[in-house]
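S.K.: Attaching a single structure in structure tokens format; questions to follow.
Just so it is clear, none of the values below were taken in a lab; they were calculated from the coordinates. Owing to the predicted nature of the structure, the values given are computational and were not obtained by experimental measurement. Every residue, glycine among them, receives a Cβ derived from its backbone with ideal geometry; neighbour counts consider all protein chains shown.
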Amino acid sequence: MKPVDFELHRPSTTREAIALLAEHSAEAKVLAGGQSLLPLLNFRLARPEHVIDLGGIAALGELRRTSSELVVGAMVRQARAERSPGLAADAPLLAAAFPNIAHPPIRNRGTVGGSLAHADPAAELPAAARALDAVFVAAGPRGRREIAARDFFVANLMTALEPDELLVEIRFARAAPRTGAAFEEVSRRRGDFALVGVAAQVTAADDGSITDARIAVTGVAPTPYRADPAEAVLTGAPPSEERLAEAADALRAALDPSDDLHATGAYRRDVAGTLLARAVAEAYRRATVPDTEAAQEAS
Ligand SMILES: Cc1cc2nc3c(=O)[nH]c(=O)nc-3n(C[C@H](O)[C@H](O)[C@H](O)COP(=O)(O)OP(=O)(O)OC[C@H]3O[C@@H](n4cnc5c(N)ncnc54)[C@H](O)[C@@H]3O)c2cc1C
């Protein structure tokens, strides 16, 4: 099928895009990489009268580091962020998440902001952002505001962005030394959206204990699930097999996923615990691997 007729707008500044959105918000859709929106248009599941293409707004494509943060413009392509030098040190969980998103051609077009604004509960970046307590910066006719990750994801495919607001950038705190991350997921075919995925990032002290554990799960709830009970189990000691099993059980006890066409809720709950133990073990290995080996792994 083909999309319904719409008027295409190509603003070159964020201000212009916001003015267009304010004028047409009830009938408009914002276009980023198009990897989710274009199928929706082609199947006529979305029928906007106006499409506002953000591709010409250079300011939204900036990726920069401050002394404490990695700041990712909403239009930074997933593939560019994935290849950004130093990503594994600054944001190891993002580095672990990107390769799991679809296939390289989709990541070449798909944007970081597009994936987060789309808010698919099976997607990798929303879970990584939730685990990392990312800060979302929205801009609209009333100015800019910051939204914490815990408040950004509201429901399945729904965020705290108002219809006349754009997501303009996402800020991630840069990781401390001795931090490692892993993203483990189960999907029917490589590159498909996962049935369940676990994003884990841990920081280890010199004595080997975990000082900071950050875990979020995809595919088990309408929004990315932050696994606080499992994080509490893991913090304060090295991740022994017993502790990993305890954390996996804490996660399973906290989840109640629904059955759907793709899997039963019981299957998703069980797999989530198994993936959690696997992801935390690998994240910890990466956090504690000697620097020389880490450099070899990254090259
Ligand atoms: C075959 C296939 C497999 C895929 N597999 C995966 C997968 O395994 N994991 C995964 O995470 N994703 C997957 N995707 C989706 C892909 O990651 C998309 O790139 C992403 O979800 C949307 O990003 P986009 O830049 O293409 O956004 P678009 O498709 O352009 O937009 C998506 C939505 O977000 C809105 N939006 C976009 N940018 C903004 C903004 N700055 N402010 C406000 N609203 C905005 C749009 O209006 C639209 O509603 C897959 C896609 C395809 C086609």
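S.K.: For a label point 7 Å from the Cα of A148 along Cα→C-beta, name the residues of the stretch 97-132 whose backbone N is under 17 Å from it.
M.R.: Under cut-off, by backbone N: 129-132.
S.K.: Where does helix 241-254 land angle-wise versus the long Cα axis of the chain, in degrees 0 to 90, nearest 10?
M.R.: The angle comes out near 40 degrees.
S.K.: In whole angstrom, how far apart do the alpha carbon centroids of the stretch 227-285 and the stretch 71-104 sit?
M.R.: About 24 Å separates the Cα centre of the stretch 227-285 from the one of the stretch 71-104.
S.K.: Now, a different point. From Cα pairs below 8 angstrom and at least 6 apart in sequence, can you work out the relative contact order of the chain, rounded to a whole percent?
M.R.: For the chain, the relative contact order is 15 percent.
S.K.: Highest first, please rank the peptides 220-228, 243-251 by the mean number of other Cβ atoms sitting within 10 Å of their residues.
M.R.: Those peptides, ordered most packed to least, come out 220-228, 243-251.
S.K.: What residues from the stretch 160-200 fall in the zone where the backbone N is under 12 Å from a label point 7 Å along the Cα-to-C-beta line of T264?
M.R.: So the set is empty, nothing qualifies.
S.K.: Between E242 and D228, what is the spin-label point distance in nm, taking each point 7 Å from the Cα along the Cα→C-beta axis?
M.R.: With each label point 7 Å from Cα toward Cβ, the separation is 2.7 nm.
S.K.: State to the nearest 20 debye the size of the charge dipole of the stretch 143-299 about its Cα centre, where the only charges are +1 on K and R beta carbons and -1 on D and E beta carbons.
M.R.: 220
S.K.: Could I ask something else about it? Long-range amide H contacts for V196: which residues qualify at under 5 Å (H placed 1.01 Å from N, peptide plane, sequence gap of 5 or more or a different chain)?
M.R.: V186
S.K.: Using the basic label-point model (7 angstrom from Cα toward the beta carbon), what is the E62 to R278 distance in nanometres?
M.R.: 4.0
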